[in-house]
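The values are calculated or read from the model by the stated rules, or taken from the named source; none is laboratory data. Owing to the predicted nature of the structure, the values given are computational and were not obtained by experimental measurement. Glycine also receives a Cβ, built like all others from the backbone with ideal geometry; neighbour counts cover every protein chain displayed.
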Amino acid sequence: MDTCQEVQSRLDLAPASQSVASADEAHLRNCPTCQAVVSRRQHFDAAVRRSLQNVPVPTDLRSRLLASVGEVTVSRPEDSRRSSTRSPSWQTWLATSAMLMAVACGAAFLLLPQAPHRLEFAELQATLQQQYAKPADWSSLPAATGLATSEIERELARLRLANPHGINLDQNPAVDAALFNFRHQRWTGVIIAIPNRLLHGGPTETTPQLYSQQRTFAWQSRSGNWTYVCYVHTGPPAGLMQSLFGGLA
């Protein structure tokens, strides 16, 4: 079995766009230490990406570069004892053009809209478990503004959802997901609705799946737009899902 250090080293070397190997994914699913390490690194990468999105290119950059090139001194071997300012050679102009092209390409890349950072569902589960698996007062959380929650409220109407609160999943000030308190017969708990565009490796079934025997269920909305994570605070968890869905995946 691979050690935590070996798994973390492979994840460090893997491109961000590459899927996690099945063996490493299994390790992450069962290792809170590695989950925390990977989560911190992803948050750091996301913060760097956001900070570079709106870096302006100085308007006088081209003129400054050309002015610097104009001051280049070109000396011939036979005139080593004499130094004079001459017009730049074609090699110098070529190097300058390449530099300007690189700057322009870099600026264009930074100005392009960046795709949202996708969170690994297995890692996110560990974080949510720590924060929302037990009853608490969520009234200090902001309202879930900016999220189209009407679809969620219609689909989960039987749970008697309270007004949604907004939560952040990646330390970005913007609201990423919605948290609903619910009450259904003898059961209470919370439902967290996460946009699927923010997730990688989330559930694909529309019937709840029980995770880790921890009173936690997750499933996908019928539209495929949301992932629901349910934490049952009171009442038998399996009984709630059977009451709502008639069974489990």
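Residue by residue, here is whether (1) assigned to a loop (DSSP other than H, G, I, E, B); (2) charged (D, E, K, R); (3) assigned by TED's automatic domain parsing to the domain that holds Glu153 holds:
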residue: Gly166; (1), (2), (3): no, no, yes
residue: Asp170; (1), (2), (3): yes, yes, yes
residue: Ala178; (1), (2), (3): no, no, yes
residue: Arg183; (1), (2), (3): no, yes, yes
residue: Thr188; (1), (2), (3): no, no, yes
residue: Ala193; (1), (2), (3): no, no, yes
residue: Arg197; (1), (2), (3): no, yes, yes
residue: Gly202; (1), (2), (3): yes, no, yes
residue: Glu205; (1), (2), (3): yes, yes, yes
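Could you pull out the residue among Thr216, Thr149 that is within 24 Å of the chain's Cα centre (by Cα), among the β-branched types (Val, Ile, Thr) and within 19 Å of Gln242 (Cα to Cα)? Explain how you work it out, then say what you get.
On the way: Thr149 fails: within 19 Å of Gln242 (Cα to Cα).
After applying the criteria, what remains is Thr216.
Restricting to the stretch 7-42, and then to whatever is modelled with pLDDT of 70 or more and in contact with a His (Cβ under 9 Å, 6 or more places away or on another chain), can you tell me which residue is surrounded by the most Cβ atoms within 10 Å (Cβ to Cβ)? The residue in question is Val7.
Answer yes or no as to whether Arg62 is of a type in the set (Lys, Arg) and either at pLDDT 75 or above or in a loop (DSSP other than H, G, I, E, B) (or both). The answer is no for Arg62.
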